[in-house]
Every structure is written in structure tokens, then in C-alpha cells.
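See structure below.
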């Protein structure tokens with residue numbers, strides 16, 4: 001028994017496909033079967049790390065290619081418990097910062113993988129459609145969280161985690177803090193020069209903006225000190241190993 005909402009969706013898709021078939025003379029797609037199959041698959045096979053992700057809909061993504069309605073999201077591969085937990089934890093962490101969970105999933109996947117992965121491999125392992133994955137990898141690459149690498153003999157794009165991934169993520173956050181410092185400075189100067197009578201308490205507002213600027217300036221100072229210390233600390237982790245094999249494992253102490 002199909003509920004009213006789903007029936008309406010099927011009816012709307014059927015009308016669009018009928019119009020498409022009439023204009024382009026392509027074969028008709030059984031939208032009811034496709035809709036029910038995709039909904040059932042998503043209910044039974046969506047991994048836990050993708051649950052409640054607004055960017056990953058509960059229904060497998062559909063698109064029309066050459067007039068034919070196709071499923072574009074592959075089914076996620078089976079994964080071990082550690083890998084699944086990493087994906088879930090990083091996804092939630094990135095969402096906590098107001099970012100896409102897919103960003104966290106890709107970062108976790110590339111941290112976990114000892115070898116670079118192609119866009120197709122990332123798509124396959126996460127069980128997501130290629131379009132959104134391509135967009136997210138491009139954004140992560142622009143922010144120096146992951147990097148594109150050349151794989152001899154292949155024309156595909158391959159990605160791996162940036163060696164300085166954590167410091168680069170911290171630098172990205174530091175840029176946001178610097179922006180707040182600039183906001184305080186700009187508004188403070190503008191209000192100080194203003195002669196508008198609309199300001200209810202100019203002196204109080206200037207004091208608050210001064211506090212804001214002082215706060216973020218101090219934060220930037222400590223950020224700089226932290227990155228300088230990290231620059232001397234990180235090499236010690238790999239003193240007798242490679243980038244992928246640190247000498248010591250962090251134990252939380």
C-alpha cells in the first residue's frame with residue numbers, strides 16, 4: 001500500500017517522463033518500480049555513518065541520462081568496524097563545525113587508506129553518487145586538507161590526505177578568527193568616525209567592539225605560537241619512520 005505522498009511523487013514523475021518520452025521518443029521507465037526499489041534499498045542498506053545526513057537523501061539519487069531514469073549512487077561496500085567508526089566520527093565532527101558530513105567521511109576515508117584513491121573508488125566505498133563527491137573533494141583540495149596526486153598509467157584523478165592535514169585545518173580556522181579581528185577593527189573605526197545621532201550609546205558600542213578586537217587578536221597570537229610549536233613537534237613523530245609510520249602513537253597523555 002503506497003501512501004498519498006509517495007503516490008503524488010510517482011504521479012508527478014510519471015507525467016514528466018511521459019512528456020519527455022513524447023518529445024524525445026525514448027523508452028518509458030516504470031517509475032513506480034524504480035521508486036519502490038530505491039526506497040527499499042535505502043532503508044535496508046544505508047550504512048550507519050550516513051544516517052541523518054541531510055546531504056545524503058534516504059532515497060537513492062536519480063537522474064535522467066539520454067531520457068532514461070537511472071540510479072546514480074552505488075551501494076556502499078562492506079567495511080570493517082574501525083573504518084566504519086572513523087567515518088561516522090569524522091562525519092559528526094565536521095557537522096559539529098557546521099560543515100558537510102561528506103567532508104568528514106572523505107577525510108576519514110583518505111586518512112584510513114594507505115594508498116591514494118580515485119574519485120570512483122571514493123564514490124564506491126562511501127556508496128554516494130559521483131557528483132556530490134566530486135564537489136566535496138574539490139573543496140577539500142582547495143582548503144589543503146587533501147591533495148590530488150598523479151598515478152602513472154591512469155587518466156583518473158587520485159586523492160590522498162595532505163601530510164599537514166591537521167595543521168592546515170587549523171590554519172583554515174585561524175583565517176576565520178582573523179576575519180573576526182578585521183570585522184571588529186573595521187566597525188570600530190567606522191563608528192568612531194560616525195556622527196550619526198542614531199547610535200544609542202556610541203561609547204558602549206566602541207568598548208564592546210574593542211573587546212571583540214582584543215579577544216581575537218590575542219587568540220591569533222596564541223594560534224601563531226601554537227603553529228610554531230607544532231612545526232617543531234611534528235617532525236619528532238616521524239623521526240625514525242615515514243609519513244605513514246610515526247615513531248610514537250598518541251596515547252592522550
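For region 95-152, please list each of the helices (runs of 4 or more DSSP H) lying entirely inside it that holds at least 3 residues being free of Cβ contacts under 8 Å to residues at least 12 places away in the same chain.
Values: elements: 101-112, 119-126, 130-142.
Hits in region 95-152: 130-142.
Kindly evaluate residue 142 against the criterion of being surrounded by fewer than 18 Cβ atoms within 10 Å (Cβ to Cβ), under 29 Å from residue 229 (Cβ atoms) and modelled with pLDDT of 90 or more. First the steps, then the outcome.
Values: surrounded by fewer than 18 Cβ atoms within 10 Å (Cβ to Cβ): yes; under 29 Å from residue 229 (Cβ atoms): yes; modelled with pLDDT of 90 or more: yes.
Judged against the criteria, residue 142 is a match.
Quick test for you: out of 88, 162, pick the one residue that is within 28 Å of residue 234 (Cβ to Cβ), touching a helix residue (DSSP H, G or I) at 6+ places or on another chain (Cβ under 8 Å) and free of Cβ contacts under 8 Å to residues at least 40 places away in the same chain. If you could, list the steps in order and put the result at the bottom.
Numbers: 88 fails: free of Cβ contacts under 8 Å to residues at least 40 places away in the same chain.
Among 88, 162, only 162 is within 28 Å of residue 234 (Cβ to Cβ), touching a helix residue (DSSP H, G or I) at 6+ places or on another chain (Cβ under 8 Å) and free of Cβ contacts under 8 Å to residues at least 40 places away in the same chain.
Looking only at region 153-173, count how many residues are farther than 30 Å from residue 226 by Cα and either assigned to a strand (DSSP E or B) or not assigned by TED's automatic domain parsing to the domain that holds residue 123 (or both). Give the steps one after another, and end with the answer.
First, pick out the residues of region 153-173 that are farther than 30 Å from residue 226 by Cα: 153-158.
With either assigned to a strand (DSSP E or B) or not assigned by TED's automatic domain parsing to the domain that holds residue 123 (or both) added as a condition, the list becomes 158.
Final tally of qualifying residues: 1.
The values are calculated or read from the model by the stated rules, or taken from the named source; none is laboratory data. Nothing here was measured: the structure is a model prediction, and the numbers come from that model. All Cβ positions, glycine included, derive from the backbone under ideal geometry; neighbour counts span all protein chains shown.
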